[in-house]
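Q: My questions all concern the structure below.
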Amino acid sequence: MNVVSLITNKRAAEQSCLALLQSCNSLSKFTQIHSYIIKLGLHSNPLVLTKFTSTSADLNAISYASSFVFSPESDTHLYDTFLFNTTIRAYAQRNDLKTKAVKFYNLMLECGVSPNKFTYPFVLKACAGIGELNLGKSVHGSVIKLRFCDDAHVQNTLVHMYGSCKGGILFARKVFDEMPKCDSVSWSAMIGGYARLGLSTEAISLFRKMQISGVCPDDITMVSVLSACTDLGALEVGKWVESFIEKERVNKSVELCNALIDMFAKCGDIDKALKLFRNMIEKNIVSWTSVIDGLAMHGRGLEAVALFEEMIRARVAPDYVSFIGLLSACSHSGLVDKGREYFDLMKKDFNLVPKIEHYGCMVDMLCRAGLLKEAFDFVQKMPIEPNPIVCRTLINACCTHGELKLGESITKRLIGNEPMHESNYVLLSNIYAKMLRWEKKTKIREVMDKMGMRKVPGSTMIELDNEIYEFVAGDQSHNQHKEIYEMLDEMGRKMKKAGYVPTTREVLLDIDEEDKEDALNRHSEKLAIAFALLKTPPGTPIRIVKNLRVCSDCHSATKFISKIYSREIVVRDRNRFHHFKDGFCSCGDFW
DNA sequence: ATAGGGTTAG
């Protein structure tokens, strides 16, 4: 064999291998190609190795590929920037393997292969997923040293990376502010950073700045803006965003439609969410899950179950998240038997091993149904350790069912495991209040003070004329607070006439009955409703958003108010919706 | 070959 034919053969083998990889769409074909590469002696062909690695990314086989490409027998001289970039990219796009991306970046540096401007977006994306600020900062340091910081793509990923790292948002903003030119990606990364952190007001106000700047937002920008609306419960802003999307002809990707569905569902208009869902041509599992979860939050459990069944018939495979939605639908609607049935089905029919979240749903379901003993047995038999969330579910159930001693002992144990979580102390202090052990309650509050902890104050938001107003208990900061308190007095008088009795036993303060009534009357929720009654024409529905669970007195008072003032009142609470109408609530007092 | 997004039990 002469030299020329050897070269053409090698070339031919390389070409055919690249072509095979190009069209490879299954793992079995991929492993075949792997043996083909070895047989033809192509394992030292950089072009083939790079293609092999990049193909593996789409087949979730990057670990398989990289153990071959980077095996100890491989010649390290083969490794070039291209090969490392491909490997890092493949790892960076896998949620569970992002640390590997950083590992290969370090290996790259160790091997003396220089990163280029394409390397850093991948590495920074991995850093974003890992979320460790110091790691991100050190990579940023290399970016500066290697002078890639003028590259627009690198800057965009820096914003995204800092926006995804704990404590990094100010660094993100700094990079963002110092960028000479921002495109829609830069704005999206910054707005998305705020939205993920729950800095929703900042996210929306930055979006307004983006409009002024003249950069055209795209579907991805709008997803973040909508998720900020969802967080705030800002239906009016959300509706405005929807019309903006129509007007500006923003690409209505599946993800954007999903975000719209989620926004309408969580801002109180579940029927609009359903309508959008029905009009979607291409749906994915997230679309189904969002609308099932939305129905669950609105207490429309049977519809949620029906939709889940429809999803199965449509041959969309349910995942872990969709089962959380389904089980919580059963829980919020008291569908205990259905819930049990689906919980078993999860393993049997869908091969999904229930996780702690699913066990949590079951515990919650049993507790809501008053099956406290069963809930405890269930936890005993669980194959996984109950987590603090499950414990708090049990403790809350103990409180509502008068099992105060039991609640106290679990809470004490929980504090032992989780000494820095303020809600545990709040729970314990509430238990002592219910036991009328005021001295113990005071002591807990002292401990909290000493540790620098504060109870999250209850607050209620309401949106009027595109403004968001926030009230806290006893709030006097509003410039119409005088009128609001007069309105509260009037409401109180009318309610008492209609038969409302303040549930003062829920006031966990050591004060006399009259003061307790007063304290109840100043709850943020009642302030917001009074404000809405003052500011909106008769008959307008009132929508409010609470950061905590609605208290039982506010719940019963709101029923009276809905009847007396003929208003539909929609309350989003920490975990579900209450639709008040004609003196009744959609939750059927079952929350 | 280059970046950004959605659903998660109390």
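Q: Tell me, what ³J(HN,Hα) does each residue in segment A:258-275 have, in order and in whole Hz, if you take phi through Karplus 6.51 cos²θ - 1.76 cosθ + 1.60 with θ = phi - 60° and put x for Gly and Pro?
A: Coupling constants for segment A:258-275: 4, 5, 5, 4, 4, 4, 4, 4, 7, 9, x, 9, 5, 5, 5, 4, 4, 4 Hz.
Q: Then there's this: State the three equivalent ellipsoid semi-axes of segment A:1-59, derived from the C-alpha gyration tensor as the square roots of 5 times its eigenvalues, in descending order and whole Å. Let's see the in-between values first.
A: On the way: eigenvalues 102, 20, 17 Å².
Over the Cα atoms of segment A:1-59, the semi-axes work out to 23, 10, 9 Å.
Q: Just how far, in whole angstrom, is segment A:520-537 from segment A:424-464 if you go by their alpha carbon centroids?
A: The distance from the Cα centre of segment A:424-464 to that of segment A:520-537 comes to 24 Å.
Q: Would you calculate the separation in nanometres between label points at A:S23 and A:D75, each defined as 7 Å from the Cα along the Cα-to-beta-carbon direction?
A: 3.1 nm
Q: Now, a different point. Expressed as a whole percent, how much of the Cα-Cα distance distribution for segment A:387-455 exceeds 14 Å? Intermediate results must be reported in sequence, preceding the final value.
A: Details: 1259 of 2346 pairs.
In whole percent, the long-distance tail amounts to 54.
Q: Quick one: Debye curve from the alpha-carbon atoms of segment A:431-522 only, equal weights, vacuum; give me log10 I(q)/I(0) at q = 0.13 Å⁻¹ to two decimals.
A: Computed log10 I(q)/I(0) values: -0.64.
Q: Out of all DSSP beta bridges with both ends in chain A, state the antiparallel percent to the nearest 5. Don't skip to the end; give the middle numbers.
A: Values: 15 of 19 bridges.
Beta bridges within chain A, antiparallel portion: roughly 80 percent.
Q: Here is a follow-up. Give me the extension gain from A:F584 to A:L146: residue separation times 0.36 nm, minus the current Cα-Cα distance, reported in nm with one decimal. It would help to have the intermediate numbers written out before the result.
A: Details: separation 438, 0.36 × 438 = 157.68 nm, distance 6.59 nm.
Gain in length upon complete extension: 151.1 nm.
Q: In whole Å, what is the distance between the alpha-carbon centres of segment A:295-339 and segment A:207-279?
A: 25 Å
Q: How large is the Kirkwood hydrodynamic radius of segment A:79-181, counting all unique pairs of alpha carbons, in Å? Could you put the intermediate results ahead of the total?
A: Numbers: mean 1/r = 0.0751 Å⁻¹.
Every distinct Cα pair counted, the radius reaches 13.3 Å.
Q: In nm, to one decimal, how far is the modelled label at A:K10 from the one at A:H421, with both set 7 Å along Cα→Cβ?
A: 6.2 nm
Q: Turning to a different aspect of this structure: Would you work out which of A:L135, A:Y64, A:P502 lies farthest towards the positive end of the dipole of chain A? Charges go on Cβ: Lys and Arg +1, Asp and Glu -1.
A: The listed residue farthest towards the positive side: A:Y64.
Q: Follow-up question, since we're still on this one. Report, by chain and number, residues whose modeled amide H sits under 5 Å from the one on A:I542, excluding near sequence neighbours (fewer than 5 apart, same chain).
A: Under 5 Å from the amide H of A:I542: A:E568, A:I569, A:V570.
Q: Something else now. Which one, A:F244, A:T536, A:S74, projects farthest toward the positive side of the charge dipole computed for chain A from Cβ point charges (K/R +1, D/E -1)?
A: Value computed over the given set: A:S74.
Q: Remind me, relative contact order of chain A in percent, using alpha carbon pairs under 8 angstrom and six or more residues apart? Mind dumping the intermediate values first?
A: On the way: 818 pairs, mean separation 38.5, N = 591.
Computed over chain A, the figure is 7 percent.
Q: What Kirkwood hydrodynamic radius, in Å, does segment A:460-585 give when the mean of 1/r is taken over all pairs of distinct Cα atoms and then inverted?
A: This gives a value of 14.5 Å.
Q: Report the Cα centroid-to-centroid distance between segment A:342-364 and segment A:11-81 in angstrom, as an integer.
A: First find each Cα centre; the distance between them is then 40 Å.
Q: Can you sort A:K405, A:K581, A:K283, A:K516 by solvent-accessible area, 1.4 Å probe, largest first? Mind showing how you got there, number by number?
A: Details: A:K405 145, A:K581 115, A:K283 70, A:K516 25 Å².
If we order A:K405, A:K581, A:K283, A:K516 from most to least accessible, we get A:K405, A:K581, A:K283, A:K516.
Q: Select from segment A:311-396 those trypsin sites (Lys or Arg not before Pro) which occupy a DSSP coil region and have at most 16 other Cβ atoms within 10 Å, ordered by residue number.
A: Numbers: sites: A:R313, A:R315, A:K338, A:R340, A:K347, A:K348, A:K355, A:R368, A:K373, A:K381, A:R392; in loops: A:R315, A:K355.
Counting only loop positions with at most 16 other Cβ atoms within 10 Å, the trypsin sites (Lys or Arg not before Pro) in segment A:311-396 are A:R315, A:K355.
Q: Another question about this same structure. What is the spin-label model distance, in nm, from A:Y320 to A:D337 if the labels are put 7 Å beyond Cα along the C-beta direction?
A: 3.1 nm
Q: Take the solvent-accessible surface of the protein heavy atoms, probe 1.4 Å, and return the percent of it on chain A that carbon and sulfur atoms account for.
A: Working: 15940 of 29440 Å².
Carbon and sulfur: 54 percent of the exposed surface of chain A.
Q: Given R₀ = 60 Å, FRET efficiency for A:K412-A:T31 by Cβ-Cβ distance, to 0.05?
A: Values: r = 56 Å, r/R0 = 0.93.
After rounding to 0.05, the efficiency reads 0.60.
Q: Suppose the chain between A:L464 and A:E514 were pulled fully straight at 0.36 nm per residue; how much longer would it get relative to their current alpha carbon spacing? Display every interim value, and only then the final one.
A: Working: separation 50, 0.36 × 50 = 18.00 nm, distance 3.26 nm.
Gain on extension, A:L464 to A:E514, equals 14.7 nm.
Q: Short version: ³J(HN,Hα) in whole Hz for each residue of segment A:317-322, in order, from phi by Karplus 6.51 cos²θ - 1.76 cosθ + 1.60 (θ = phi - 60°), x for Gly and Pro, what are they?
A: 6, x, 10, 4, 5, 5
Q: So what's the back-of-envelope 222 nm ellipticity for chain A, counting only DSSP H runs of four-plus at -39500 (n - 2.57) apiece and dividing by all residues, rounded to 500? Could the numbers behind the result be given before it?
A: Working: 30 runs with 386 residues, N = 591.
Rounded to the nearest 500, it is -20500 deg cm²/dmol.
Q: What's the percent breakdown of Cα-Cα distances in chain A across 20 Å bins, shortest bin first?
A: For chain A, the pair-distance distribution reads 16, 43, 31, 8, 1, 0.
Q: Rolling a 1.4 angstrom probe over the protein heavy atoms, how many square angstrom per residue are accessible across chain A? Mind dumping the intermediate values first?
A: On the way: 29440 Å² over 591 residues.
For chain A, the per-residue accessible area is 50 Å².
Q: Follow-up. How big is Rg to Rh over segment A:511-591, alpha-carbon atoms, Rh as the Kirkwood inverse-mean-distance radius? Could you put the intermediate results ahead of the total?
A: On the way: Rg = 12.4 Å, Rh = 12.8 Å.
Ratio of gyration radius to Kirkwood radius for segment A:511-591: 0.96.
The values are calculated or read from the model by the stated rules, or taken from the named source; none is laboratory data. Keep in mind the model is a prediction, meaning the values are calculated, not measured. Counting neighbours? That spans all protein chains shown, and the Cβs are built from the backbone with ideal geometry, glycine included. These accessible areas exclude ligands, DNA and RNA; they are computed on the full protein's heavy atoms, side chains included. Shrake-Rupley method; radii C 1.70, N 1.55, O 1.52, S 1.80 Å.
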